[in-house]
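Below is one structure, written out as structure tokens; the observations come after it.
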Amino acid sequence: MNRQIPILEVGGVLLSTDLITEYFCCDLDACGGACCIEGDAGAPVTLEEVAEIEESLDAAWPLMSASAQSVVDRQGVAYTDPEAELVTSIVNGKDCVFTYYNSAEQRVEGLPEGCCLCALERVCREGKTRFMKPISCALYPIREKHFAGGLIGLNYNRWAICEGAVKRGRELQMPLYRFLREPLIRRFGEEWYKELEEAARLIHNA
């Protein structure tokens with residue numbers, strides 16, 4: 001039986017309180033970046049993000065696999081999935097086309113060998129592009145849902161591959177909303193995040 005999670009409203013956005021009460025901190029040593037390659041569809045993207053991804057494509061191209069390059073040549077950087085949602089293109093029914101693996105040739109120090117990484121994020125951090133990655137990726141495990149009338153909802157998407165992140169978050173006492181501070185500010189702004197912090201303070205002091 002599913003437990004009911006309280007909902008609160010912050011700056012016109014509905015969110016489940018487990019974004020505040022649950023702990024989370026990504027642990028790539030534990031998961032190997034599996035969220036880039038697991039699942040049956042790509043990452044949700046907007047039309048504006050597709051345009052930015054296309055502008056970043058030349059810089060990211062050398063990091064992408066030959067199979068990923070072939071998919072992009074054939075159908076572009078995004079497609080519409082069976083649920084009519086625009087998502088990044090994928091390889092072999094699961095891997096995001098922008099996934100590459102940490103290796104001797106494409107090494108990122110401090111991360112495990114074979115770890116899945118994002119080519120878009122890497123070239124942005126290297127100063128070659130301005131676009132980091134889709135906001136849906138940056139916000140994960142928070143999922144954004146759109147309702148009639150422009151209402152937005154945020155939920156915590158629990159996934160078995162993130163058990164290591166949950167464990168690490170508890171060890172560090174890192175609430176989910178604090179771990180995702182930067183992408184939440186990127187999506188909703190500084191003032192909105194300050195409202196979220198105040199809501200969190202009131203919940204913890206209740």
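The values are calculated or read from the model by the stated rules, or taken from the named source; none is laboratory data. All of these numbers come straight from a predicted model, not from anything done at the bench. Virtual Cβ from ideal backbone geometry, glycine too; neighbours counted across all protein chains shown.
Scoring Gly169 on the criteria (1) of a type in the set (Gly, Ala, Ser); (2) surrounded by fewer than 19 Cβ atoms within 10 Å (Cβ to Cβ); (3) at pLDDT 95 or above leaves a single failure, condition (2).
On inspection, Cys115 qualifies as under 13 Å from Cys35 (Cα atoms), modelled with pLDDT of 85 or more and of a type outside the set (Gly, Ala, Ser). So which of Glu121, Glu163, Glu191 is in a helix (DSSP H, G or I), buried (at least 17 other Cβ atoms within 10 Å of the Cβ) and either more than 20 Å from the chain's Cα centre (by Cα) or not aliphatic (A, V, I, L, M) (or both)? Every option except Glu121 fails the conditions. Looking only at region 147-160, which residues are surrounded by fewer than 19 Cβ atoms within 10 Å (Cβ to Cβ), touching a strand residue (DSSP E or B) at 6+ places or on another chain (Cβ under 8 Å) and not in a loop (DSSP other than H, G, I, E, B)? Across region 147-160, the qualifying residues are Ile152, Gly153, Asn155.
Taking region 88-112 as the range and being assigned to a loop (DSSP other than H, G, I, E, B), touching a strand residue (DSSP E or B) at 6+ places or on another chain (Cβ under 9 Å) and at pLDDT 75 or above as the test, the residues that pass are Ser89, Val97, Phe98, Asn102.
Condition (residue is at pLDDT 95 or above, over 24 Å from Ala51 (Cα atoms) and touching a helix residue (DSSP H, G or I) at 6+ places or on another chain (Cβ under 7 Å)) applied to region 142-155: is it met by at least one residue? Within region 142-155 (the criterion being at pLDDT 95 or above, over 24 Å from Ala51 (Cα atoms) and touching a helix residue (DSSP H, G or I) at 6+ places or on another chain (Cβ under 7 Å)), the answer is yes, since at least one residue qualifies.
Is at least one residue of region 29-49 modelled with pLDDT of 95 or more and either in contact with a Lys or Arg (Cβ under 6 Å, 6 or more places away or on another chain) or under 21 Å from Glu126 (Cα atoms) (or both)? For region 29-49, residues modelled with pLDDT of 95 or more and either in contact with a Lys or Arg (Cβ under 6 Å, 6 or more places away or on another chain) or under 21 Å from Glu126 (Cα atoms) (or both): present. Applying the criterion of being in contact with a helix residue (DSSP H, G or I) (Cβ under 8 Å, 6 or more places away or on another chain) and not hydrophobic (A, V, I, L, M, F, W, C) to the residues of region 127-141, the residue that is surrounded by the most Cβ atoms within 10 Å (Cβ to Cβ) is Pro134. Test of understanding: among Thr17, Thr88, Thr46, Thr99, which residue is assigned by TED's automatic domain parsing to the domain that holds Lys167 and closer than 25 Å to Arg186 by Cα? It is Thr17.
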